Amino acid sequence: MTNKETIVVIGAGVIGLSTALCIQRQLPRSQSVLIVARDFPNSTALNYASPWAGAHYRPVPAFTPQAAREERQARRTYQHFKSLAATEPAAAVESLDGVEHLESPLPEYLDPRAIPDFYAHLDGFRQLSADELPQGVKWGVRYRSFAINSPVYCAYLLRKFVLHGGRTKEYTLGDPEEAFHLAENVRTVVNCSGMGFGDPKSFIIRGQTCLVRNPCAETITRQNSDGSWSFCIPRPQAGGTIIGGTKQVRDWDPVPSPETRKKLLADAAKWFPFTAESGGKFDVIRDIVGRRPAREGGMRIETEAITGDRVVVHAYGAGGRGYELSWGVAEDILSLMREKGLVKECASL
């Protein structure tokens, strides 16, 4: 009798966990999924980006093929998180209002034809009138978004995966081809490694944020007059609020900068809805530094034939949009695997 075929997913970040779960839900009994990763949701390693994320949904106007693909993935992820927020309290996904206030909007935000294309799919979307905008703000919208308590959500995904028969192995791979030897009868390896094992197009984007105790009932994204961005994202299930943030390309500094913290909090203090007892000050829990795994040209989503009948399916380089794109990417990977005959006939768990 032929051994059960194992599909190996490399990486236990939000892309890897979502992809493994999405594939697993469609497999027949003759196939199973093994996640192989250096870090799992109990880890707080600096290069394991997912648990550090603020994690909310915010549309990005799409004018390039890469941005258009991401927009399609984000829209499907929006629907997925909308369902989770309504039906799975353990996922730590919350539906709440998202607000954007721009002091110096880019031309694409001022095109009345473009905005409905990028925002109309959102529940409750409306553009704010001039008398609703705070002083100094020239453009604003409000819509239903979602926020995620990222460490809790990653643990939830892993728990679902294991309860449905998935296996895990903590292991540091040197090359995707090594994964073919970590289980019996491996034909397919899905590379959700983040940085892609030395891909010259890959790079990190350093992000520094601040976790505070101050509550907030909505996500707020603010573009400052100098073009810099500031935001607050409440973490569901009493997880505090993320104040951010920075996008520092190829900056490997692992140490939180006191000057950056000061600027982040000072910018946010101008508009944050402080409660009366806070005295207009942030109650800081900790500084957060994470390295987003980005890639020139966007995510690599394609198959690569290896010796014999082995195939690596690449899915890495999401940058700072891992959560926003996660379920759309997972569905795209599953579709690609079906197209290549790597997933056998569909069967529900």
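Is the range 82-102 home to any residue that is over 23 Å from PHE231 (Cα atoms), open to solvent by less than 40 Å² (accessible area, probe 1.4 Å) and among the hydrophobic types (A, V, I, L, M, F, W, C)?
Within the range 82-102, one or more residues are over 23 Å from PHE231 (Cα atoms), open to solvent by less than 40 Å² (accessible area, probe 1.4 Å) and among the hydrophobic types (A, V, I, L, M, F, W, C).
Among the β-branched types (Val, Ile, Thr), open to solvent by 20 Å² or more (accessible area, probe 1.4 Å) and under 24 Å from VAL343 (Cβ atoms): which single residue out of VAL162, VAL186, VAL152 fits that description?
Step by step, each of VAL162, VAL186, VAL152 is checked, and only VAL162 is among the β-branched types (Val, Ile, Thr), open to solvent by 20 Å² or more (accessible area, probe 1.4 Å) and under 24 Å from VAL343 (Cβ atoms).
Count, please, the residues in the range 291-310 that happen to be within 23 Å of the chain's Cα centre (by Cα) and open to solvent by less than 70 Å² (accessible area, probe 1.4 Å).
The number of residues fulfilling the criteria is 11.
Taking the range 266-290, which residues are of a type outside the set (Val, Ile, Thr), open to solvent by less than 30 Å² (accessible area, probe 1.4 Å) and touching a Leu at 6+ places or on another chain (Cβ under 8 Å)?
GLY290
I want to confirm something. Restricting to the range 265-279 and keeping residues that are assigned to a helix (DSSP H, G or I) and not aliphatic (A, V, I, L, M), which single residue is farthest from ILE233 (Cα to Cα)?
So the residue we want is GLU277.
Hey, among ALA120, ALA130, ALA147, which residue is out of contact with any Gly (no Cβ under 6 Å at 6 or more places or on another chain), in contact (Cβ under 8 Å) with a residue 12 or more places away in the chain and either aliphatic (A, V, I, L, M) or under 18 Å from GLY328 (Cβ atoms) (or both)?
ALA147
Just give me the residues in the range 225-254 being buried (at least 16 other Cβ atoms within 10 Å of the Cβ), part of a loop (DSSP other than H, G, I, E, B) and touching a Leu at 6+ places or on another chain (Cβ under 9 Å), in sequence order.
Of everything in the range 225-254, those that are buried (at least 16 other Cβ atoms within 10 Å of the Cβ), part of a loop (DSSP other than H, G, I, E, B) and touching a Leu at 6+ places or on another chain (Cβ under 9 Å) turn out to be ARG235, PRO236, GLY239, GLY240, GLY245, THR246.
Is it the case, given these coordinates, that ALA37 is surrounded by 21 or more Cβ atoms within 10 Å (Cβ to Cβ) and not hydroxyl-bearing (Ser, Thr, Tyr)?
yes
Give me the pairs: first residue in the range 35-56 and without any contact (Cβ under 8 Å) to a residue 12 or more places away in the chain, second residue aliphatic (A, V, I, L, M) and part of a loop (DSSP other than H, G, I, E, B), beta-carbon distance under 9 Å, and six or more apart or on different chains, which are they?
Every condition considered, the pairs that remain are SER43/ALA12.
The values are calculated or read from the model by the stated rules, or taken from the named source; none is laboratory data. What you are looking at is a predicted structure, and each value in this text was computed from that prediction instead of being measured. Here the Cβ is made from the backbone with ideal geometry for all residues, glycine too, and neighbour counts use every protein chain on show. These area figures cover heavy atoms from the full protein model, side chains too; ligands, DNA and RNA do not enter into them. Shrake-Rupley method; radii C 1.70, N 1.55, O 1.52, S 1.80 Å.
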